[in-house]
Amino acid sequence: MTNIKVDRGSLVLVRVDQPCGITARGTLDVGQIAYLTGTLERLAAESGGELLLDCTGLDFAGVDALRAIVQTAGVLHAAERRLRVRGLSPYYARVLQLAGWDQTPGLLLDAA
């Protein structure tokens, strides 16, 4: 697998290997979504099984960014895989619940 580090100023994505995935730090707004989803797509192409998105270091995630995470989980589910989201703040987890997105097949939310 290749090393991945995407630094877009307000968003930094760093590859982790155990489990396979990325950590996200900073701001995940509409301008950063393509970098997040592109990085997850590259990881999905290189590995099998579950992918991790560690959001512990996120300061902000817009609703469009949350929607992109949910859509990525749906794509992975279609390939019989899952996206585990760890460390999402209680506020953003509640937004996912209110929208019903927490029930998306392929999306696993770990408590913050």
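At-a-glance table
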item	result
Residues in segment 9-28 that a label on S89 would reach, taking backbone N under 20 Å of a point 7 Å out along Cα→Cβ	9-14, 23-28
Debye, to nearest 20: dipole size of segment 51-112, +1 on Lys, Arg Cβ, -1 on Asp, Glu Cβ	120
Label point distance in nm, Q71-L98, each placed 7 Å from Cα along Cα→Cβ	2.2
Per-peptide average of other Cβ atoms within 10 Å, ordering 63-69, 42-48 highest first	63-69, 42-48
Long-range amide H partners of A61 with built H, under 5 Å	L28
Dipole moment magnitude, nearest 20 debye, the chain about Cα centre, only Lys, Arg, Asp, Glu C-beta charged	40
Overall form of the chain per C-alpha gyration tensor (a/c, 1.5; a/b vs b/c)	oblate
Label point distance in nm, A34-L108, each placed 7 Å from Cα along Cα→Cβ	3.2
Residue-span extension gain [Q18 to A79] - 0.36 nm each, minus C-alpha spacing	19.9 nm
Sequence-separation-based contact order of the chain, relative, with Cα cut under 8 Å and 6+ spacing, percent	23
Estimated 222 nm signal from helices in the chain, with DSSP H stretches of n ≥ 4 weighted -39500 (n - 2.57), rounded to 500	-11500 deg cm²/dmol
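Any read-out appearing in this document is the output of simple, stated calculations on the displayed coordinates, not a laboratory observation. If you're wondering where the values come from, they're calculated on a predicted model, not measured in any experiment. No Cβ is skipped: glycine too gets one built from the backbone with ideal geometry, and neighbour counts run over all protein chains shown.
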